[in-house]
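Below is one structure, written out as structure tokens; the observations come after it.
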Amino acid sequence: MHESILIYRKHRYLKWALALAAVSAVIYLIDRPLGAPNGGTWLGYALGTAAGGLMLWLAWFGVRKRRYGVGKVPLEDWLSAHIYLGTALALIATLHSGFQLGLNIHSVLYVTMMITIISGMVGLYFYVSYPRLLTENRRGLSTEVMLGQIAELDRDVRQIAMATDDATNAMALKSTQDTILGGTALQQLRGFDEHCPTTLARQFVESSVSSQHDAQRRQLLTRLIRKEDLLKRIRRDVQLRCLLKVWLYVHVPFSIAALAALVTHVVTVFYYW
Ligand code: HEM
Ligand code: HEM
């Protein structure tokens, strides 16, 4: 997914969303209800039904997404419409409430819905901007090629280090054996490892390179620097991919919470009617 989803079918779904939002806003401004505007007027019910229906349809995307190849409407249409109509929902639901937000059960629905919408916007930002960042970071190399280069560098490092003193050899060996890529979800999200054995080895060799004639250490240093750069790029790659997924851990649970709050809201308003 990339920018094209925003201009999909010449902004068809942006136009739909703008039309829906404009019609709702105009009727809201023209309407003169008895008392303050609220969810209980005829317009309140109409906007509430539209907002509730939209929310159910937006949540259905989770089901539709997993049925690749099935259905008359392509997945791109679903997603483009999901993004624009999901954004319009924020306005429609706000007009429905007549801006009557307070510390009550109805506002739980409003808040969970808004968190879902905002997390959707964050996810959209990731989807649109990250493919470029991923490509730039890789500089034309695939993860497999980078890992292959690291393995080659490790071989060189081990060989060169054998001709150096024990301390340098030990640091170099540690860099080839104990360097971790990936790790826990938190480590993947951080995108760097301050205790990385390769960085420690590079710093050690750097500080101990003494003269122009210290050929072994210089060769070692060149390889450690190259390996460190590759590690940095792979860690950044993992971090970006992780961020592409992590927002869904907010978006999906909150959309489920919002659906539960919607049911509670509708039951409550009809119960006290
Ligand atoms: C996304 C969907 C919806 C959101 C975010 C939402 C939110 C709200 C909020 C914040 C209020 C103001 C509560 C207050 O006065 O303190 C409200 C009122 C109301 N809503 Fe909804 N609502 C939604 C859907 C619905 C649906 C589907 C219905 C029923 C058809 C509905 C019926 C009502 C009614 C009757 C009121 C007036 C309650 C009263 O004044 O006591 N709402 N809604
Ligand atoms: C209350 C409103 C919303 C609900 C209930 C909702 C619900 C969902 C659900 C259930 C999914 C499927 C996730 C999965 O199963 O992997 C999804 C995906 C997504 N939503 Fe929403 N969403 C809402 C609003 C929005 C908004 C406003 C935006 C953007 C502005 C948005 C952007 C996205 C994106 C980018 C995806 C991921 C598509 C993919 O991974 O292919 N959502 N949403």
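The values are calculated or read from the model by the stated rules, or taken from the named source; none is laboratory data. Computed from a predicted model, the values in this text were never measured in an experiment. Every residue, glycine among them, receives a Cβ derived from its backbone with ideal geometry; neighbour counts consider all protein chains shown.
Values for this structure:
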quantity	calculated
Residue within region 104-115 that is assigned by TED's automatic domain parsing to the domain that holds Arg64 and more than 16 Å from ligand 2 (Cβ to nearest atom) present	yes
Scope region 214-232; condition of a type outside the set (A, V, I, L, M, F, W, C) and under 37 Å from the mean Cα position of the chain (by Cα); matching residues	Thr222, Arg223, Arg226, Lys227, Glu228, Asp229, Lys232
Any hit, region 12-34, residues being surrounded by fewer than 17 Cβ atoms within 10 Å (Cβ to Cβ) and within 15 Å of ligand 2 (Cβ to nearest atom)	yes
Criterion (touching a residue at least 12 places away in the same chain (Cβ under 8 Å) and away from ligand 2 (no atom under 16 Å from the Cβ)) met by exactly one of Leu221, Leu243, Leu259	Leu221
Pick from region 106-134, criterion among the aliphatic types (A, V, I, L, M) and either free of Cβ contacts under 8 Å to residues at least 40 places away in the same chain or in contact with a strand residue (DSSP E or B) (Cβ under 8 Å, 6 or more places away or on another chain) (or both), ranking: farthest from Leu243 (Cα to Cα)	Val111
Residue list for region 189-202, filter: in contact with a helix residue (DSSP H, G or I) (Cβ under 9 Å, 6 or more places away or on another chain) and either exposed (fewer than 14 other Cβ atoms within 10 Å of the Cβ) or part of a helix (DSSP H, G or I) (or both)	Leu189, Arg190, Phe192, Pro197, Thr198, Thr199, Leu200, Ala201, Arg202
Tally, over region 91-105, of residues that are surrounded by fewer than 18 Cβ atoms within 10 Å (Cβ to Cβ) and either in contact (Cβ under 8 Å) with a residue 24 or more places away in the chain or within 7 Å of ligand 1 (Cβ to nearest atom) (or both)	6
Unmet requirement for Ser207, which otherwise passes all of (1) over 36 Å from the mean Cα position of the chain (by Cα); (2) closer than 15 Å to Ala163 by Cβ	(2)
Verdict on Leu43 being assigned by TED's automatic domain parsing to the domain that holds Phe126 and more than 31 Å from the chain's Cα centre (by Cα)	yes
Condition met for Arg223 (away from ligand 1 (no atom under 16 Å from the Cβ), surrounded by fewer than 19 Cβ atoms within 10 Å (Cβ to Cβ) and basic (Lys, Arg))	no
Cβ-Cβ under 9 Å pairs, at least 6 apart or on other chains, region 178-193 side in the same structural domain as Ile234 (by TED's automatic domain parsing) and free of Cβ contacts under 8 Å to residues at least 40 places away in the same chain, far side acidic (Asp, Glu) and surrounded by 12 or more Cβ atoms within 10 Å (Cβ to Cβ)	Ile180/Asp193; Gly183/Asp193; Gln187/Asp193
In region 165-187, the residues that are part of a helix (DSSP H, G or I) and out of contact with any Leu (no Cβ under 9 Å at 6 or more places or on another chain)	Asp166, Ala167, Asn169, Ala170, Leu173, Gln177, Asp178, Ala185, Leu186, Gln187
Residues (assigned to a helix (DSSP H, G or I) and either of a type in the set (S, T, N, Q) or within 11 Å of ligand 1 (Cβ to nearest atom) (or both)) located in region 30-42	Trp42
